[in-house]
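The values are calculated or read from the model by the stated rules, or taken from the named source; none is laboratory data. These numbers come from a predicted model, not from an experiment. Heads up, the Cβs are rebuilt from the backbone with ideal geometry, glycines too, and the neighbour counts pull from every protein chain shown. Accessible surface areas use protein heavy atoms only, side chains included; no ligands, DNA or RNA. Shrake-Rupley method; radii C 1.70, N 1.55, O 1.52, S 1.80 Å.
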Amino acid sequence: INILIMKDAKIFLPELIFNGKKLIGKDVEKSTRKLGDLKGIFEDEVTFRLMDPEQVVYYVSSTFPVEEGTPGGLFMGITYLMPGKVGNEYFMTKGHFHSNIDRAEFYWGVEGEGMLIFMNEKREVWAERMYPGSLHYIPGGVAHRVANVGNDMLIFAASWPSDAGHNYETIAKYGFARRLKEIDGKPKLI
Ligand code: S6P
Ligand code: ZN
């Protein structure tokens, strides 16, 4: 009898769409990093100063379903990183540790060719190639940065805990222990 009078549970359309390339929805926030915002991260400062500070290096579309800092939630973002170099160093993201340093993150390749560079607290550096379909687990305690090593735009997605936070200061001050440069036409971590 109960079953007969029970109403159907509601079925909704998703609030967000990730169509393989784009994150679409009402609460998607976009942030942009221009060359001028990346002062100090590239080694060749002479070349850097000759380049247009208004040139967009990357932008990120993100969704924050809960307030930043909430324990137990998740965020997601798609990064669009342009091809290019400053001297022989590839265009790359700022890179960061998480403020809550033990928080992990997933990155995955969507389009283009990249290199995900990791550095632990002992400043040991390693990297993984990023390409469409590649999936990367970034453990807690490990700083992460992505470089575009191809000739086209690199698109990758990320999902991280809502209480991870971003510590950009450590990388801004001390950098990564190695730089990803194009040497004889190939990416090398030197
Ligand atoms: C956030 C996640 C990505 C990056 C984005 C830009 O935790 O790792 O969305 O924010 O790739 O990199 P960065 O180092 O400038 O934040
Ligand atoms: Zn992160």
Distance in Å, no decimals, from the C-alpha centre of segment 159-187 to the one of segment 90-104 is 6
Which lysines, on any chain, are close to Lys188 with Cα under 16 Å apart, when same-chain ones fewer than 8 places away are left out?
Lys85
Grab the eigenvalues of the alpha-carbon gyration tensor for the chain, scale each by 5, take roots, and send me the semi-axes largest first in whole angstrom.
35, 18, 15
With the cut-off at 1.5 for a/c, could you classify segment 102-165 from its C-alpha gyration tensor as rounded, prolate or oblate?
oblate
Per DSSP H run of at least 4 residues, take -39500 (n - 2.57); add these up for the chain, divide by its residues and hand me the 222 nm value, nearest 500 deg cm²/dmol.
-1500 deg cm²/dmol
Of all accessible heavy-atom area on the chain, the percent that carbon and sulfur account for (1.4 Å)
54
Dipole in debye (nearest 20) - the chain, about Cα centre, beta carbon charges: Lys, Arg +1; Asp, Glu -1
160
Express the relative contact order of the chain as a whole percentage, based on alpha carbon pairs under 8 Å and six or more residues apart in sequence.
23
At a Cα cut-off below 23 Å, give the lysines reachable from Lys22, other chains included and same-chain residues fewer than 8 away excluded.
Lys30, Lys34, Lys94
Taking only protein heavy atoms into account and a 1.4 Å probe, give the accessible area per residue of the chain in Å².
59
Accessible-area value, Thr79, 1.4 Å probe, nucleic acids and ligands omitted, Å²
10
